Amino acid sequence: MKSTQPWLSCLILMSSPALAATSGAEVLPDRAALERSAATAMRILTTVPNTDEALLQMEALMPHMGGFYLGEDGAAHVLLTEDASEGERLTARSIGDAVSKMRSFARGQTQQRLTPTVVEPARFRFSELARIRDYATDVLNLEDVQSLDANERANQVSVGVLSEEAAEHAREYWARLELPPESLEVFLQPRIEAMATLSSYVRPVPGGYSIRNGNFSYTTCTLGYPVFSSVLGMFGFITNSHCTDVSGGVENTSFYQGNPFVFATEYLDPIFQTSSSLAGCPSGQLCRLSDSAFAGGTNYPSGALKEIAQTINYCSLPQTHCSTTVNSSSPVIYPHGFASSPLVGQYFEKVGQTTGWTYGQLQQSCTTVRDSASGHYFVCQYTVAAGVDAGDSGSPVFTWDGTNNPIGGILWGGDPTYHDYFVFSHYSSINTELGTMYYY
């Protein structure tokens, strides 16, 4: 008899008691029980920053859940395996309706009439997908493979590749590990590279303005969020690590904004780690949780906390480049709150010094991504279908809940050819690496 596959080794232990067979007629949850489940799901999604971890916790409410995302119409889509009970399906609809009320906004929208939750079939539970992804992490070491994701929309583990040859190698790798072939989705993905006007001199400096370092390998980037570092007791800002003189490690990079005088110095920029110290990092590679660094110092002008530059317009695809002219009558956006557990289908926005204010829907959540320019890997990143170009690196990313602009993180990469999607590091990963930051 063939032994149990390693990727399955703990699934029995992970199984919920709710999966066990029961005798007698099913007792359906009443309205109060459905409301409690919906409230618990909302608490998870608003307090657990990592999307994958949030989905794993939601399996306690929906033990057969294979995925959860928002459709283009704002409706929640819940994926359930075929053995989900009618009670679990009622719970899924209740949770989906509650989430879609809070997460269905696009820029400029008001709350639309609620579209009922859609329940879709799934082959795998999300915890199974996460286990398969973790077991197959080293697929990222194959040539021209650049991303790995437990895909909650496709109910498969998605592997992004640059060529058909790489796609075939990924399938062969799956077969060698004896993983279920139906668990794999391989797709051609445009190359992801760091994206090394809002260029006027301004003090204090809101997020979104152009900054420059003295190393012309990356002449210009974008100031992300003005923050106060609790670790250093210092005002400053967050931008990308690759916008410093050397990505990973502190070299005291000098930053300039609008004139030839240094206005900030690099203070925090963690070194890259290996698989022995960072879960999700492929063996033999260098990884981080975020492409982030903190700069500040005595020359840094404090006072711009909770401010992002607001341009005269915003745009979505197919338009990729918007105006970089600042709105003189309303020059700043005020972020408030945090976008915990971003959901696929949720709208995110950014303001960058090259393409301005662009927005679109989240396409992938908590994905391990390879930066083709440096060869470094970033664990648990988020991909948005929206305009981006060189120089937008460091852009503040945020969302809109109909009233406020919760903070998402900072942009670091995107498609250098078609400019139609960007990748960002979540604020929770930034805080893990840089220490607690106060944004407002």
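Nothing in this text is a laboratory measurement; each read-out follows from the coordinates by a stated rule. Computed from a predicted structure; not experimentally measured. Cβ atoms come from the backbone with ideal geometry, glycine included; neighbour counts cover every protein chain shown.
For the chain, a simple Cβ point-charge model (Lys and Arg +1, Asp and Glu -1, everything else neutral) yields a dipole of about 1120 debye relative to the Cα centre. The shape of segment 135-188 can be summarised by an equivalent ellipsoid whose semi-axes, obtained from the alpha carbon gyration tensor, come to 15, 13, 10 Å from longest to shortest. Summing Lys and Arg as +1 and Asp and Glu as -1 over all other residues whose Cβ lies under 12 Å from the Cβ of A154 gives a net charge of -3.
If contacts are Cα pairs under 8 angstrom and at least 6 residues apart, what is the relative contact order of segment 319-440 in percent?
RCO, segment 319-440: 24 percent.
Net charge of the neighbourhood of L56, taken over other residues with C-beta under 13 Å away and scored Lys/Arg +1, Asp/Glu -1, is -3.
For segment 286-297, the Karplus equation 6.51 cos²θ - 1.76 cosθ + 1.60, evaluated at θ = phi - 60°, returns couplings of 9, 9, 9, 7, 8, 9, 9, 8, 10, 10, x, x Hz by residue, with Gly and Pro reported as x. Would you mind telling me the antiparallel percentage of the DSSP bridges in segment 28-122, rounded to 5? That works out to approximately 50 percent antiparallel.
What's the ranking of 54-64, 222-232 by average number of surrounding C-beta atoms within 10 Å, highest first? Don't jump to the answer; show the numbers that get you there.
Details: 54-64: 21.3, 222-232: 23.3.
Sorting 54-64, 222-232 by mean packing, highest first, produces 222-232, 54-64.
Specify which labelled value, from (i) 64, 57, 51; (ii) 87, 52, 43; (iii) 76, 47, 41, agrees with Cα extents along the principal axes in Å derived from the coordinates of the model shown. The listed entry that was calculated here is (iii). With each label modelled as a point 7 angstrom along the Cα→C-beta vector, the E165-V118 pair spans 3.8 nm. Secondary structure note: in the chain, about 80% of the DSSP beta bridges are antiparallel.
A simple rule links phi to the HN-Hα coupling: the Karplus curve 6.51 cos²θ - 1.76 cosθ + 1.60 with θ = phi - 60°, which for segment 360-368 gives x, 8, 5, 9, 9, 10, 6, 9, 7 Hz, with x for Gly and Pro. With the helix formula -39500 (n - 2.57) applied to DSSP H stretches of n ≥ 4, the chain reaches a computed 222 nm mean residue ellipticity of -5500 deg cm²/dmol.
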